[in-house]
Amino acid sequence: MKEIFVRLDRCMGCKSCEIACAVEHSKSHNLFGAMAETPRPRKRLYVENPEGVKMPMVCRHCEDAPCVEVCRVGATVKDAITGIVTKDESMCIGCWMCAMVCPYGMVGRQKEVKIAVKCDLCPSLMVPACVSACPTGTLVFAEQEEFAEIMRRDAAAQIARGHKIKASI
């Protein structure tokens, strides 16, 4: 399953991902239209700044998703094939149990219409809107093995650059 990975060393806290997410989940699918919508479109990821480190927080679509287990009306489900945890907003009764049990705080509230909202990995897009909007490549949409390979290549390049500097001294 492809998922969103975060490269913590790259985030500059611009929140482009948050805006793109809200716009993608709006009725109009454009920034200016979204700003005028009622209820206002909600983002489904959050850029936090703990201890001065900019950190995008995204739904992990947990293997044993507590939000799925606690949903008493079946509005939150995990696809057996893709592993993606989705919420059927038409079934949600706004009890917020899913928000209370999420260990990452990734379930938000759309209070005006009394529903919970969470990342759905933008099913109508090939790449989630937040990933496409990220100007620094902080967010990566990939299989775990692909992401590990990217990180390994980057680490090897850093080590090689460091080695060349020391070797030339």
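Laboratory data are not the source of any read-out in this text; all were calculated from the coordinates shown. Not measured: the values here are computed from a predicted model. Virtual Cβ from ideal backbone geometry, glycine too; neighbours counted across all protein chains shown.
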### Task
Consider Glu149 carefully, then state whether it is out of contact with any helix residue (DSSP H, G or I) (no Cβ under 9 Å at 6 or more places or on another chain), free of Cβ contacts under 8 Å to residues at least 40 places away in the same chain and part of a helix (DSSP H, G or I).
yes
### Message
Going through Glu51, Glu89 one at a time, which residue ends up being closer than 25 Å to Phe141 by Cα and outside any strand (DSSP E or B)?
### Response
Glu89
### Query
In this structure, does Met1 turn out to be loosely packed, with under 13 Cβ neighbours inside 10 Å, closer than 17 Å to Ser124 by Cα and not small (Gly, Ala, Ser)?
yes
### Task
Say whether the condition of being among the polar types (S, T, N, Q) and touching a Cys at 6+ places or on another chain (Cβ under 6 Å) is met by at least one residue in region 118-129.
no
### Query
Given the conditions (1) free of Cβ contacts under 8 Å to residues at least 40 places away in the same chain; (2) part of a loop (DSSP other than H, G, I, E, B); (3) over 12 Å from the mean Cα position of the chain (by Cα), and given that Val127 satisfies all but one, which numbered condition is not satisfied?
(3)
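Among Val117, Val127, Val107, Val113, which is the only one that is β-branched (Val, Ile, Thr) and in contact with a helix residue (DSSP H, G or I) (Cβ under 6 Å, 6 or more places away or on another chain)? Walk me through it before giving the result.
Values: Val117 fails: in contact with a helix residue (DSSP H, G or I) (Cβ under 6 Å, 6 or more places away or on another chain); Val127 fails: in contact with a helix residue (DSSP H, G or I) (Cβ under 6 Å, 6 or more places away or on another chain); Val113 fails: in contact with a helix residue (DSSP H, G or I) (Cβ under 6 Å, 6 or more places away or on another chain).
Of Val117, Val127, Val107, Val113, the one residue that is β-branched (Val, Ile, Thr) and in contact with a helix residue (DSSP H, G or I) (Cβ under 6 Å, 6 or more places away or on another chain) is Val107.
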### Message
Suppose we filter region 56-65 for residues that are more than 16 Å from the chain's Cα centre (by Cα) and within 15 Å of Cys119 (Cβ to Cβ); how many remain?
### Response
0
### Query
Which number in (1) under 22 Å from Met12 (Cβ atoms); (2) among the small types (Gly, Ala, Ser); (3) touching a residue at least 24 places away in the same chain (Cβ under 8 Å) marks the one condition that Ala157 misses?
(3)
